[in-house]
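Reviewing the structure listed below.
The values are calculated or read from the model by the stated rules, or taken from the named source; none is laboratory data. This structure is a prediction, so every number in the text was calculated from the model and none was measured. Virtual Cβ from ideal backbone geometry, glycine too; neighbours counted across all protein chains shown. Heavy atoms of the whole protein, side chains included, go into the accessibility calculation; ligands, DNA and RNA do not. Shrake-Rupley method; radii C 1.70, N 1.55, O 1.52, S 1.80 Å.
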Amino acid sequence: MALTAEQQQTLVSTNASTPMGELFRRYWIPALLAEELPEPDCPPVRVRLLGEDLVGFCDSEGRYALIDGFCPHRGVSLFFGRNEECGLRCSYHGWKFDVEGRCVDMPSEPEESNFKNKVRIAAYPMIRLGDVLWAYMGPPDARPAPPEIEWATLPAAQVYVSKRLQRTNYLQALEGGIDSSHVSFTHRFSLDDDPLHAGALGNVYLKKDGRPRFEVVESDAGLYIGARRNADDERYYWRITQYLMPWYSIIPPFGEHLIGAHAWVPIDDETCWAWSINYHPLRAITAEEHRVMRSGSGIHCVYKPGTYEPVADASNDYLIDRSAQRAKKSFSGVAGIAMQDASLQESMGPIQDRMKERLGTSDSGIIMARQRLLRAAKALAEDGTPPPGLDPAAQRVRSAALLLPKDVPFQEGAAEALQLRPNTAFVSL
Ligand code: FES
Ligand SMILES: [Fe+2]
C-alpha cells in the first residue's frame, strides 16, 4: 500500500487547480474564530487558506466575507483598507469592494466613468456557526448545506474552540490525529496528569496494551477507525475514532470528560491551522474547564501574546524537559498533549517524504484515509463526482470508547454509539 510519488504529490498539494485543492474547495472550511472579527466594521484580518492570500471582514450590516487580499488597481494589500459603509476601501486611491467582491466605488476616476462596473475581485462567502466563521471557496453552484458535525451545531456555551499554527502540511497533522496507537506512547504519562483526561477507566487499558489491533471501515463521510486493546478475558476495549472528509477527526472520549475533535486546514502546503475543539452534548463547559484549556491543557496550547502561535516551538526545542522524560512524567519530555503532537509532527519537516516511510499494521487508518482522499479527488477531477461527506446527514456521527465481548464486531456492538442522537450522552468509559 505504498504511495507512488505522484500520489504523494497529489495528497499534499492544495493550491487552486490541483486535484486536492479543488476537492477541498467543495467543503465549508473553518476559516477564522469569531473573535477575530468581533463586530460590524471592525478591522479586517489577513487570511491565507489553501495557498490564497485573502482578507476577511465583517461589513456594516454584519455580513462576513473573504475577499482577494490585494487591490486590483495597483496591488496594495486590502488589510490596510478602511472598513466602512458596507465595504472595504483601499487606502491608496479609495477603490471600495463589497462582500461579493464588486467594486462599488472608484473615487479616483472621472465621475462619468463606468470602469468600476468592470472590476470585480474574488470573494468567498463566510458564515458564523457558534464561535467559528466558515468559508466556502468552491464554485457557487456547488455550495453545500452548512456543516452539521456535532461541535458546529451545539450552543456556543457547550463548545470550546482554539486554533494553533502548525508548521507542517495538513496531511501529517491529520495523520497524527487518526493514529490512535501513538496515544499509548506519546501521551502515556499525560493521560493521568491532564485534567481533561485524568481518571478515565480507559486510560488503564490504553497504558496496558500498546499494541492495538485496528479495524477500519468506510462510513458515508469518511472512516470509522476502530482500535482494539485487550481489557480482560472476555472483552476488548475499543476506541473508535471518526475521520470525516476532508480533514476532521473526532477523538474517542475519555470517561465523562469533554469530547475532543480536530480540523487540520491547509494555510498553504507547508503550514496548517490545527483547530482543536472540546464539547459536551449535554452541558455547558465549566469555568474550571475553560481555565485549564486556556492554560494549555487537553488538546490546547499557550500562545505567544497576540498570536495563535504556540510559545513552545522548534526554536526552543518545544521546551523539552529531559528530566521529566527520564522521570517518566512525560514520555517525550514535551509538556501538553497538543505540543507533544506538534513537536513530533513538525520534526518530520514541513512535508514528510512518504517515499521513505515504513508503514506497519497500526497505520491502516492512515492508509485508508489517504486512499479515500485520493479517490475523491480523482473522481471529482475526472467526472465531477460530488465528494463524500457533504450531506449533513453523513456528518451526524460520534466517536466512542467502550468494552465489547470479544466475538462482537465493533460495527455491530457500537452501531448506536457511533450515531449522533441529539441530547443524548456519548458512550465512553
Ligand atoms: S491600489 Fe487600491 S485603489 Fe489604488
Ligand atoms: Fe496525539
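Computed with a 1.4 Å probe on the full set of protein chains, the accessible area for Ser323 sits at about 70 Å².
Close amide H contacts of Tyr303 (hydrogens built in the peptide plane, cut-off under 5 Å, sequence separation of 5 or more or a different chain): Val311.
Counted by Cβ distance under 12 Å from Ala261, the other residues give a net charge of 0, where Lys and Arg count +1 and Asp and Glu count -1.
Charges were assigned to the Cβ only: +1 to each Lys and Arg, -1 to each Asp and Glu. The resulting dipole of the chain about its Cα centre is roughly 960 debye.
Where does the charge balance sit around Gln395 when Lys and Arg score +1, Asp and Glu -1, over other residues with C-beta under 10 Å from its C-beta?
-3
Using the heavy atoms of the protein chains alone and a 1.4 angstrom probe, what is the accessible area of the chain per residue in square angstrom? Please list the in-between numbers first.
On the way: 18570 Å² over 429 residues.
Per residue, the chain has an accessible area of 43 Å².
Whole-Hz Karplus values for the range 127-137 come out as 10, 9, 10, x, 9, 10, 9, 10, 10, 10, 10 Hz, taken residue by residue from phi with 6.51 cos²θ - 1.76 cosθ + 1.60 and θ = phi - 60°; glycine and proline positions read x. Based on DSSP H segments of at least four residues, each scored -39500 (n - 2.57), the chain has a per-residue ellipticity at 222 nm of -5500 deg cm²/dmol. For the chain, the cysteines with no partner cysteine C-beta closer than 4.7 Å are Cys42, Cys58, Cys86, Cys103, Cys272, Cys301.
Here the range 28-142 exposes an accessible surface that is 47 percent carbon and sulfur, computed with a 1.4 Å probe and the other protein chains kept in place.
Counting only protein heavy atoms and using a 1.4 Å probe, the accessible area of Phe189 comes to about 50 Å².
Distant-in-sequence amide contacts of Lys329, defined by a placed amide H-H separation under 5 Å and a gap of 5 or more residues or a different chain, comprise nothing.
Each residue of the range 105-118 was assigned a 3J(HN,Hα) from its phi angle through the Karplus curve 6.51 cos²θ - 1.76 cosθ + 1.60 (θ = phi - 60°); the sequence is 7, 9, x, 8, 9, x, 4, 7, 5, 10, 4, 4, 5, 8 Hz, with glycine and proline shown as x.
Whole-Hz Karplus values for the range 264-270 come out as 10, 10, x, 7, 8, 6, 10 Hz, taken residue by residue from phi with 6.51 cos²θ - 1.76 cosθ + 1.60 and θ = phi - 60°; glycine and proline positions read x. Apolar share of the accessible surface for the range 307-429: 54 percent from carbon plus sulfur atoms, 1.4 Å probe. In summary, the range 150-413 shows an alpha-carbon radius of gyration equal to 0.99 times the 2.2 N^0.38 Å reference for compact globular proteins. With the highest mean first, a sort of the peptides 66-78, 335-347, 162-174 on other beta-carbon atoms found within 10 angstrom per residue produces 162-174, 335-347, 66-78.
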